[in-house]
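Taking it in order: structure first as structure tokens, then the write-up.
The values are calculated or read from the model by the stated rules, or taken from the named source; none is laboratory data. What you see is a predicted model, and the numbers here were worked out from it, not measured in a lab. Note that each Cβ is placed from the backbone with ideal geometry, even for glycine, and that neighbours are counted across all protein chains shown. Ligands, DNA and RNA are excluded from the accessible area calculation, which covers all protein heavy atoms including side chains. Shrake-Rupley method; radii C 1.70, N 1.55, O 1.52, S 1.80 Å.
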Amino acid sequence: MQKASADAVEHRVIQTDEVANLDRYQLLTSLVVPRPIGWVSTYGKNGVLNVAPFSFFSAVAASPMLVSVSIGTRMGTPKDSLRNILDQKAFCVNIVTEVQAVHMNETSADFPPEQDEFKRVGLPIGVAANVNAPYVANCPAVLECELFRELNLGNAGSMIVGEVKAVRLDPSLEFKEDSFLVDTTVLKPVARLGGSEYTLLGDILVIPRPTGR
Ligand SMILES: Cc1cc2nc3c(=O)[nH]c(=O)nc-3n(C[C@H](O)[C@H](O)[C@H](O)COP(=O)(O)O)c2cc1C
């Protein structure tokens, strides 16, 4: 076995199976930061509009374009977003900026499935052109997603992988020269930290990729 370097820090090591569920949650969500927020909008039964934020959200692949959302259970039953995604095989991911941050948080409340959450919170409704899902019409960027895979996570719920069939962009979001790179300083996304903390973009570092040889 490799010997640790002489100057290696003596870490405090926490065995994850020796602490409570809440402690594990707090450790994970305050260390894996900042997390982008996937604000997921779906149609429920009878076309009722549903929207909820998920920060266990990530980019997975570019070709095909895939994103993942991990949706936990509520007292052992699936959350509305998961049920709707599995029923409709579709959802939209709305990118949250400062303008939507308070509304985004309001939609994390435990509303009953028959409650129209767009109406409840006062969100403008958009109808996706490529998948069967609504979107939040004042978000500057929206990913229209089709269900690609569901990975059952046991007690932790399910990880949904969605294929992004179309990307909607507000015309103010111009690309950087000769590219499809969105200017993140114009996008101004909000990201989640631990607990009730969120963050905006901080200083941007530009670090060109090395060639390796
Ligand atoms: C910023 C933020 C991020 C969240 N991330 C997640 C998450 O990744 N997974 C999850 O299951 N719940 C997450 N929640 C809680 C859900 O939004 C909440 O349970 C919501 O009521 C689910 O709504 P639904 O039943 O309509 O699907 C988050 C809440 C907030 C405020």
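Can you confirm whether Val51 is touching a residue at least 40 places away in the same chain (Cβ under 8 Å) and either out of contact with any Phe, Trp or Tyr (no Cβ under 9 Å at 6 or more places or on another chain) or not polar (S, T, N, Q) (or both)? I'd like the intermediate steps shown before the answer.
Details: touching a residue at least 40 places away in the same chain (Cβ under 8 Å): yes; either out of contact with any Phe, Trp or Tyr (no Cβ under 9 Å at 6 or more places or on another chain) or not polar (S, T, N, Q) (or both): yes.
Answer is yes for this residue.
Quickly run through region 111-141 and pick out the residues that are within 12 Å of the ligand (Cβ to nearest atom) and closer than 19 Å to Gly38 by Cβ.
Looking only at region 111-141, we keep the residues that are within 12 Å of the ligand (Cβ to nearest atom), and these are 111-118, 120-121.
Answer for region 111-141, where residues must be within 12 Å of the ligand (Cβ to nearest atom) and closer than 19 Å to Gly38 by Cβ: Phe111, Glu117, Phe118, Val121.
Could you check how many residues of region 189-213 are touching a helix residue (DSSP H, G or I) at 6+ places or on another chain (Cβ under 8 Å), surrounded by 15 or more Cβ atoms within 10 Å (Cβ to Cβ) and closer than 19 Å to Leu173 by Cα? Show your work before the answer.
So in region 189-213, the residues touching a helix residue (DSSP H, G or I) at 6+ places or on another chain (Cβ under 8 Å) come out as 190, 192-195, 198, 200-201, 204.
Still in the running and surrounded by 15 or more Cβ atoms within 10 Å (Cβ to Cβ): 190, 192-194, 198.
Checking which are closer than 19 Å to Leu173 by Cα leaves us with 190.
Selection size over region 189-213: 1.
Considering only residues that are surrounded by 14 or more Cβ atoms within 10 Å (Cβ to Cβ) and touching a Ser or Thr at 6+ places or on another chain (Cβ under 6 Å), which ones fall in region 145-188?
Glu150, Gly157, Met159, Val161, Lys188
Scan region 37-57 residue by residue and report those that are more than 10 Å from the ligand (Cβ to nearest atom) and open to solvent by 50 Å² or more (accessible area, probe 1.4 Å).
Of everything in region 37-57, those that are more than 10 Å from the ligand (Cβ to nearest atom) and open to solvent by 50 Å² or more (accessible area, probe 1.4 Å) turn out to be Lys45, Asn46.
Inside region 58-74, can you point out the residues that are free of Cβ contacts under 8 Å to residues at least 24 places away in the same chain and either open to solvent by less than 60 Å² (accessible area, probe 1.4 Å) or in contact with a helix residue (DSSP H, G or I) (Cβ under 9 Å, 6 or more places away or on another chain) (or both)? Walk me through how you get there before you give the answer.
Keep residues of region 58-74 that are free of Cβ contacts under 8 Å to residues at least 24 places away in the same chain, which gives 58-59, 61-63.
Matches in region 58-74: Ser58, Ala61.
Would you check which residues across region 187-201 are assigned to a loop (DSSP other than H, G, I, E, B) and either within 16 Å of Gln100 (Cβ to Cβ) or at pLDDT below 95 (or both) and list them?
Going residue by residue through region 187-201, those that are assigned to a loop (DSSP other than H, G, I, E, B) are 188, 190, 193-197, 200-201.
Hits for region 187-201 are Lys188, Val190, Leu200, Leu201.
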